[in-house]
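Heads up: the structure comes next, in structure tokens.
The values are calculated or read from the model by the stated rules, or taken from the named source; none is laboratory data. Please read all numbers here as calculations on a predicted model, not as lab measurements. Ideal geometry is used to build each Cβ from the backbone, glycine not excepted, and the neighbour counts take in all protein chains shown. Note: areas computed on protein heavy atoms with side chains; ligands, DNA, RNA excluded. Shrake-Rupley method; radii C 1.70, N 1.55, O 1.52, S 1.80 Å.
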Amino acid sequence: MGRHEQREQVFLLLFRAEFHSPEDMPEQVKLFLEDNEAIVLEKDAAYVSGRCGEIQDKLPEIDRILDAKTEGWDTKRMGKVELTVLRIAAYEILFDKDIPEGVAINEAVEIAKKYGQETSGRFVNAILAKLIKTGDSDS
């Protein structure tokens, strides 16, 4: 499984977390990995569940930063698809120095276009461009 497919699986699992309590998530992760035909290798399952956990650990900080970078769109008002995509990309931009910013943005826009509404790709691109342009120093 390539990085794009892994990222998409992280998106699907993290999106699921929006509809379940934190206490339910260990069982949800287990079900997601067991029922997922796209994840056949143990290393991919470990990557997807591990990355999802890493992002969830940073959610308060990520959401605070996203709220500071958006005007009129705090994380509580965003669509769940867009929010999930933004959280993944923000994590990659802010905390994973192995992923170039441009790659994080391009991948986020593609996932937003695939799973979101017609304008989701543009919305995600605009927020992430602002995140990179302004940095985190003024959040």
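For this structure, a couple of remarks:
- Scanning the stretch 3-49 for residues that are touching a Phe, Trp or Tyr at 6+ places or on another chain (Cβ under 9 Å) and of a type in the set (Phe, Trp, Tyr), we see that the one that is most open to solvent (accessible area, probe 1.4 Å) is Phe15.
- Selection status of Glu54, farther than 15 Å from Leu14 by Cβ and open to solvent by 30 Å² or more (accessible area, probe 1.4 Å): no
- Tabulated pairs, the stretch 16-37, first under 17 Å from Arg51 (Cα atoms) and without any contact (Cβ under 8 Å) to a residue 12 or more places away in the chain, second assigned to a loop (DSSP other than H, G, I, E, B) and open to solvent by 70 Å² or more (accessible area, probe 1.4 Å), C-beta under 9 angstrom, 6+ apart or interchain: none
- Some residue of the stretch 105-117 being charged (D, E, K, R), modelled with pLDDT under 95 and surrounded by fewer than 17 Cβ atoms within 10 Å (Cβ to Cβ): no
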